[in-house]
Amino acid sequence: MSSTDTSRLVVGDRFRDFAAAVGADTFSDLVRALDAGDLDTVEGPVRVVTGQGVGSFEVSYLLDAIARRKLDDRITLVHTAGEPARRQELHKAREDNVLVAGLTQVDDTTYEARLRLHDHNEFLVDVQDRVHVQGMVAVEAARQMFLAVVERYFTARWSQQRYYIVLNSMNTTFSNFLFPVGATLRLTVDASDLSEPSRLTVRTTVVVEQAGREAAGITIDAAAFAPGLLEDKELRRAKSAVASTMDAALATA
């Protein structure tokens, strides 16, 4: 950031290649510039927009760094991330891996949320060496969006049960690159059958949209089963798989 900029984008450190390509700041670079006093001469007002990889934890640190240099009257952070979807809705154990935030119902069949990418997300920690974000992020975001909608708006009608959700199919079409800035997840319910509480079926389309363009479209067909309907079958299949694997290994030993 220079002293003459009026707006800047800051992204997580994982997206350093993207930042270098588009002239944005990484979180660490912006912190270093603030702490070194490089921005003390900024005239303002400067609006710093947060992209992916910069959450409320990082925003709090940036606000403190800005205040310590007495720049809070000249530098403003613009951070619009929503509340992350809940653990029980996504079946995820780590908040780092939550990709859905600000989930809302638009109408009877449409739901929207923001894409949320933590800097330590499981799809980024191994490799993120391109300007764009890998396609599996869009696929997993669609899967999480589906789970969040089903758990919050469908299975919640029978709150005494914890449903077992089984994906029958996921079909994905990629249309554009996805970049580490704001994006919308839009889910449309194409068909559903909730007439039998022990077995719910839902078919949806999730669109990942960024800058007015569709980055990916994912159709998901799945069923939610009440407790007790699948466990016996799953256990039988597990034992059969073990027996088959052991027999094959011992036959060639």
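The values are calculated or read from the model by the stated rules, or taken from the named source; none is laboratory data. If you're wondering where the values come from, they're calculated on a predicted model, not measured in any experiment. Note: ideal-geometry Cβ built from the backbone for every residue, glycine included; neighbour counts use all protein chains shown.
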Just to be sure, is Arg68 free of Cβ contacts under 8 Å to residues at least 40 places away in the same chain, within 22 Å of Gly135 (Cβ to Cβ) and exposed (fewer than 15 other Cβ atoms within 10 Å of the Cβ)?
-> no
Please give the strands (runs of 3 or more DSSP E) falling wholly within the range 91-194 in which 3 or more residues are closer than 22 Å to Ala81 by Cβ and not assigned by TED's automatic domain parsing to the domain that holds Val22.
-> 100-105, 110-115, 184-193
Could you run through the range 14-65 and say how many residues are small (Gly, Ala, Ser), outside any loop (DSSP other than H, G, I, E, B) and modelled with pLDDT of 95 or more?
-> 7
For the range 43-63, pairs from a residue that is without any contact (Cβ under 8 Å) to a residue 40 or more places away in the chain and on the phi > 0 side of the Ramachandran plot to a residue that is surrounded by fewer than 20 Cβ atoms within 10 Å (Cβ to Cβ) and outside any helix (DSSP H, G or I), with Cβ under 9 Å and 6 or more apart or across chains, are Gly44/Thr6; Gly44/Leu71; Gly44/Asp73; Gly44/Arg74; Gly44/Thr76
Do the conditions hold for Phe57, that is, is it of a type in the set (A, V, I, L, M, F, W, C), surrounded by 17 or more Cβ atoms within 10 Å (Cβ to Cβ) and outside the structural domain of His118 (by TED's automatic domain parsing)?
-> no
Quick one: count up the residues across the range 1-23 that are touching a Phe, Trp or Tyr at 6+ places or on another chain (Cβ under 7 Å) and surrounded by fewer than 22 Cβ atoms within 10 Å (Cβ to Cβ).
-> 1
